[in-house]
2 protein chains.
Amino acid sequence: MSEVIEKATLAKETTPLLANLSTLQKNTALKLMADALIEHKDSIIRANEKDLERGRENGTSTSLLDRLRLNSERIDAMAEGLLQIIDLPDPIGDVLEAFDRPNGLHIKKIRVPLGVIGIIYEARPNVTVDAAGLCLKTGNAVVLRGGSSAISSNERIVAVLHEALSKSDLPADALQLIINTDRSSANEMLKLNGLLDVLIPRGGHSLIQNVVKNATVPVIETGAGICHTFIDASADLSMAISIAINAKVQRPSVCNSMETLLIHQAFADQHLDAIVNALTENNVELHGCPETVKRMPSVIPATKEDWDTEYGDYTLNIKIVNELDEALNHIRAHSTMHSECIVTENSAHAEKFLQQVDAAAVYHNASTRFTDGFEFGFGAEIGISTQKLHARGPMGLPALTSTKYRIYGNGQIRG
Amino acid sequence: MSEVIEKATLAKETTPLLANLSTLQKNTALKLMADALIEHKDSIIRANEKDLERGRENGTSTSLLDRLRLNSERIDAMAEGLLQIIDLPDPIGDVLEAFDRPNGLHIKKIRVPLGVIGIIYEARPNVTVDAAGLCLKTGNAVVLRGGSSAISSNERIVAVLHEALSKSDLPADALQLIINTDRSSANEMLKLNGLLDVLIPRGGHSLIQNVVKNATVPVIETGAGICHTFIDASADLSMAISIAINAKVQRPSVCNSMETLLIHQAFADQHLDAIVNALTENNVELHGCPETVKRMPSVIPATKEDWDTEYGDYTLNIKIVNELDEALNHIRAHSTMHSECIVTENSAHAEKFLQQVDAAAVYHNASTRFTDGFEFGFGAEIGISTQKLHARGPMGLPALTSTKYRIYGNGQIRG
């Protein structure tokens, strides 16, 4: 039996027990997990150092090393994420609907766990903790398959969490980490219908597309973000600069950062140099449309591919558009339906943009960087869904549940 | 360009318009569709006659011909289904959540259409009308791909509905029927990411499994039903017989009918002959476990495969179990997680069964035949989801929607 099947089977066997744990039992386990992360911080950082060293030897980019790095503050944040999950209401058992039919049937719709959730992810080891906490709080078992670059960190973190769970009522087997980081183990998970109820990929485009294109287990597609910000003619200059800089440089490696800035030509007439200078001062390399390059020859001409590229780095496309509709058309053609923003003082334009742009999160006068479970107040998130089924946007606890109908009768038959 | 791509593209082009139609505009279109079905009843029945004749020539089974048949009453029921959809609240635009963050961001979660829904289905032509009505009411476009056996009925129905839509504000291109009923057209739809937002298969096991196993477009799995009824020791005899007969014979061809009857041995000691006689009088062929056959030699011994067979006909498995837990274990091993029932006067047993059985609908003292959108009061249903993601059980209007976050700021950036 392969590692994947063995661990998924162990996880599945815990699901009847998990589904019937009380909120107190689950929260006690989460608290033990948070405490254990703090207690074992040094050993986790040492394990992470091995990953970082291997990464540097392999020539890993600065932005990827940044995702991979764990320090005291980031481990605190991971533990804090677990504590926030404790404070969140437990959705399991919630009665979502209750109604009586004319024939006397009483029908209740109840929240239940999904069952076993498979997470396939890349660098960031904080996903290991977030995913464990969110899945266990919702009565799900979880099979984690992280990337090779973080395997030392992940193994250490899961060992720490297993030790914590062994002191709780929650079965440690509900949390599984796949040690084999060959592509074969991920591919095996994709076809594990009957053992896995859902797959959530978290990572770059090729990881996610491999899952979406090949999985027979239902998938929640997350993350790929080609996010746009449109600066309208009436935008406030300092707000526009502040939002554009934040959306691009505050953490360029993540999916809700901006890849393309669209600027109304009337705004560009007045302020293109101010925008370009502010971005350049923040070390952003600019790729522009012909009109941008004509006005600012320092800007590199953008290629056709640039408009569909998620840079994840200090690179940005700029396009000057004649009107709101041209911005909407550009977004329709190039958006990954993640997060899109309009900066404007014109409320009719704002409303049209928020109505017509088809994305998980649409912003008026705020940075796209806010598309995040913590920022939305959901606690740690399992990912940001960019599909339309089941969940869309930052996924908090309810995104990790299913429902079931309970029907109470006294002998009803169908006529 | 293939028929599938051409029609899916036409459907997709209508989605921005569809998403912004008022409830009144959509309801007016539905009323015109219902009126048109009644008005053109004769021509629909004539088209259906062609399908029935072809079916009889091809040696189609009685139960399949029953699914295929349209008569005046069934067309009335289809039109009535559309009128019921008019009466249902329009979920599009509903504000599901609205909250403020400490930084002043105002966040709203809004219901929006899914986009373009692909339906791949078999015999029953009423699906054509149900699917059109439910998808259009929720602002979705729909690409229907019915089976060859109902193609004459479906072509005529869609022609009638297109004529009705041409008198409405709703673009007729939002409703598409694929005329090519080769397997190739269904397979083409499975990979149509970017044009189709979701696929809903409705039909038998092999149709559904072909979609689940091969689709890269997200799928809502529906329908396959190996449903059990467990008669507990304390069950009321007349209620048990009434529910068992109803679950098996009221319409055996559909997915919520019963395939296996589990009987507590103490109940069997008293009443097995009464149960067997009642089923036999209703023309049900019985396949039994060894204990059943030992007690009632007229019962055919069940094969191993029988316990995993969806007969869709007047055939039923019977198994005698020693206790509730044996029934729960049998259901866990053989259920398709559709609809499961316990008949008992013991409320602790009822509660344990409803809690532990993992299915879309779990019943105490009522026939599994009630798992149905009409019976639940949702209006016509697009199918019964047997998966755990997005929707589970009978899918009414909210199952055909997605959500989007609108975020209102005044210059917020992330720190």
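Values quoted throughout were computed directly from the atomic coordinates according to the rules given, and no laboratory measurement underlies them. Since the structure is predicted, the reported quantities are computational estimates derived from the model, not experimental observations. With ideal geometry, Cβ positions are generated from the backbone for all residues, glycine too; neighbour counts draw on all protein chains shown.
Pulled fully out, how much extra length does the chain show between A:Glu163 and A:Leu17, if you take 0.36 nm times their separation in residues and subtract their Cα-Cα distance?
Here the answer is 50.7 nm.
Compute the distance from the alpha-carbon center of the stretch A:246-311 to that of the stretch B:364-385, in whole Å.
Using only Cα atoms, the two centres lie 54 Å from each other.
With just the Cα atoms defining each centre, how far is the stretch A:26-88 from the stretch B:215-245? Give it in Å.
Comparing the Cα centres of the stretch A:26-88 and the stretch B:215-245, I get a distance of 47 Å.
Can you pull the mean other chain C-beta count within 10 Å for peptide A:390-396? Can you show the working numbers first?
On the way: counts 8, 4, 6, 7, 1, 0, 0.
The mean count of partner-chain Cβ atoms within 10 Å per residue comes to 4.
Of B:Thr128, B:Thr15, B:Thr62, which is the most mobile in a GNM of chain B whose springs link Cα atoms less than 10 angstrom apart?
B:Thr62
Please report the antiparallel percentage of the DSSP beta bridges confined to the protein assembly as shown, to the nearest 5.
Values: 32 of 120 bridges.
The answer is about 25 percent antiparallel.
Sort shortest first the distances from B:Ser238 to its counterpart in every other copy, using label points 7 Å along the Cα-to-beta-carbon line, and give them in nm.
The answer, with the shortest distance listed first, is 8.3 nm.
Kindly state, to the nearest 0.05, the FRET efficiency for A:Lys191 paired with B:Asp308, given R0 = 25 Å and r defined as their beta-carbon distance.
The calculated FRET efficiency here is 0.80.
Round to the nearest 0.05 the FRET efficiency obtained for B:Arg295 and A:Glu345 when R0 = 56 Å and r is the Cβ-Cβ distance.
Details: r = 83 Å, r/R0 = 1.47.
For R0 = 56 Å, the calculated efficiency reads 0.10.
Roughly how compact is chain B, stated as its Cα Rg over 2.2 N^0.38 Å to two decimals? Can you show the working numbers first?
Details: Rg = 23.5 Å, N = 415, 2.2 N^0.38 = 21.7 Å.
In units of the globular-protein estimate, chain B measures up at 1.08.
For A:Arg332 and B:Ser238, FRET efficiency with R0 = 45 Å and r from the beta-carbon atoms, rounded to 0.05?
That gives a FRET efficiency of 0.15.
For the stretch A:381-415, which trypsin sites (Lys or Arg not before Pro) are in a loop by DSSP, counting at most 10 other Cβ atoms within 10 Å?
Counting only loop positions with at most 10 other Cβ atoms within 10 Å, none of the trypsin sites (Lys or Arg not before Pro) in the stretch A:381-415 qualifies.
Around B:Glu323, what is the net charge, scoring Lys/Arg as +1 and Asp/Glu as -1 over all other residues with Cβ under 12 Å from its Cβ?
That sum, taken over residues with Cβ under 12 Å, equals -2.
Extending each Cα 7 Å along its Cβ direction at A:Glu281 and A:Glu39, get the distance between those two points in nm, one decimal.
5.0 nm
Starting from the alpha-carbon convex hull of the stretch B:227-375, give the projected area averaged over all orientations, in nm².
7.6 nm²
By how many degrees, 0 to 90 and rounded to 10, does the Cα axis of helix B:265-281 deviate from the longest principal axis of chain B?
70 degrees
Give, as a single signed number, the net charge of other residues whose beta carbon lies under 12 Å from the beta carbon of B:Ala240, with Lys and Arg counted +1 and Asp and Glu -1.
Cβ neighbours under 12 Å give a net charge of -3.
Assume the label is 7 Å from Cα along Cα to beta carbon: what separations in nm does A:Arg54 have to the matching positions in the other copies?
Once sorted, the set of distances for A:Arg54 reads 6.0 nm.
Hey, got the average number of other protein chain Cβ atoms within 10 angstrom for residues in A:352-359?
4
Taking a ≥ b ≥ c as the square roots of the Cα gyration tensor eigenvalues, with a/c under 1.5 meaning rounded and otherwise prolate when a/b beats b/c, else oblate, which class fits the protein assembly as shown?
oblate
Taking chain A as the reference, fit the longest principal axis to its C-alpha atoms, fit the long axis of helix A:72-87 to the helix C-alpha atoms, and give the angle between the two in degrees, 0 to 90, nearest 10.
That works out to roughly 60 degrees.
Across peptide A:238-250, how many C-beta atoms of other chains are within 10 Å of each residue C-beta, on average?
Mean inter-chain Cβ contacts per residue within 10 Å come to 2.
Going by average Cβ neighbours within 10 Å, how do the peptides A:147-156, B:298-307 rank, with the highest at the top?
The most tightly packed comes first, giving A:147-156, B:298-307.
Looking at the axis that maps chain B onto chain A, which chain B residue has the closest Cβ, and how far off is it in Å, rounded to a whole number?
B:His390, 2
Using the 7 Å Cα-to-Cβ label point, sort the distances from A:Asp100 to its equivalents in the other copies shortest first and give them in nm to one decimal.
A:Asp100 label point versus its equivalents elsewhere: 4.1 nm.
Taking the mean number of other Cβ atoms within 10 Å as a proxy for protection, how do you rank B:282-291, B:258-267, B:330-339 from highest to lowest?
Top to bottom by mean Cβ count within 10 Å: B:258-267, B:330-339, B:282-291.
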